[in-house]
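Right, one structure below, let's go through it.
The values are calculated or read from the model by the stated rules, or taken from the named source; none is laboratory data. In this text the structure is predicted, and so the values were computed from the model without any measurement. A quick note on method: Cβ atoms are made from the backbone with ideal geometry, for glycine too, and the neighbour counts reach across all protein chains shown.
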């Protein structure tokens with residue numbers, strides 16, 4: 001698995017550390033005695049991204065976040081959420097968001113598999129891409145979901161203060177088509193839509 005991304009650009013009240021493997025009980029003791037929590041809960045070990053989370057208040061813990069897919073082509077990492085209390089963890093395409101001090105608060109993010117994650121700090125957004133759409137969240141909720149941008153493959157090429165630029169795969173034309181999304185509304189121009197008239 002490629003090295004996971006850690007992007008804590010948004011102000012946050014926690015620290016994180018990516019661990020190379022699931023810690024044994026003796027390792028948990030050497031890490032300061034944190035509890036290990038499997039997300040989702042499972043009675044057995046599954047391939048996962050292991051993250052030590054140290055909230056500003058409350059006990060530290062190690063989250064084992066189940067990988068979505070075996071492929072290494074999907075996003076992996078930890079991103080600070082715009083609310084300063086939460087974090088997004090993406091493990092081989094599966095996305096989770098949770099409060100750092102409450103591991104049981106986790107919810108699964110809608111896009112699946114997640115292929116890219118970007119921050120838009122000027123609008124306090126965190127943006128996720130999958131194979132066909134882009135999704136934006138603010139501190140509290142989902143803000144918008146783009147219309148379909150591609151037959152099967154979305155690439156974000158640039159994020160500016162007001163727009164997201166990218167490429168959507170057009171299977172009929174056998175090429176990528178540029179798109180531009182307004183980050184405030186999710187409205188876009190360009191892209192490739194299978195049902196569009198030619």
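Kindly evaluate residue 142 against the criterion of being surrounded by fewer than 18 Cβ atoms within 10 Å (Cβ to Cβ), in contact with a strand residue (DSSP E or B) (Cβ under 7 Å, 6 or more places away or on another chain) and either touching a residue at least 24 places away in the same chain (Cβ under 8 Å) or assigned by TED's automatic domain parsing to the domain that holds residue 10 (or both). Spelling it out, residue 142 is indeed surrounded by fewer than 18 Cβ atoms within 10 Å (Cβ to Cβ), in contact with a strand residue (DSSP E or B) (Cβ under 7 Å, 6 or more places away or on another chain) and either touching a residue at least 24 places away in the same chain (Cβ under 8 Å) or assigned by TED's automatic domain parsing to the domain that holds residue 10 (or both). Scanning the range 152-166 for residues that are free of Cβ contacts under 8 Å to residues at least 40 places away in the same chain, over 20 Å from residue 113 (Cβ atoms) and surrounded by 12 or more Cβ atoms within 10 Å (Cβ to Cβ) yields a total of 2. With respect to (1) assigned to a loop (DSSP other than H, G, I, E, B); (2) surrounded by 19 or more Cβ atoms within 10 Å (Cβ to Cβ), the lone exception for residue 169 is condition (1). If you check residue 189 against the conditions, is it surrounded by fewer than 15 Cβ atoms within 10 Å (Cβ to Cβ) and more than 28 Å from residue 10 (Cα to Cα)? Spelling it out, residue 189 is indeed surrounded by fewer than 15 Cβ atoms within 10 Å (Cβ to Cβ) and more than 28 Å from residue 10 (Cα to Cα).
For the range 185-198, a tally of residues being within 19 Å of residue 117 (Cβ to Cβ) and assigned to a loop (DSSP other than H, G, I, E, B) returns 1.
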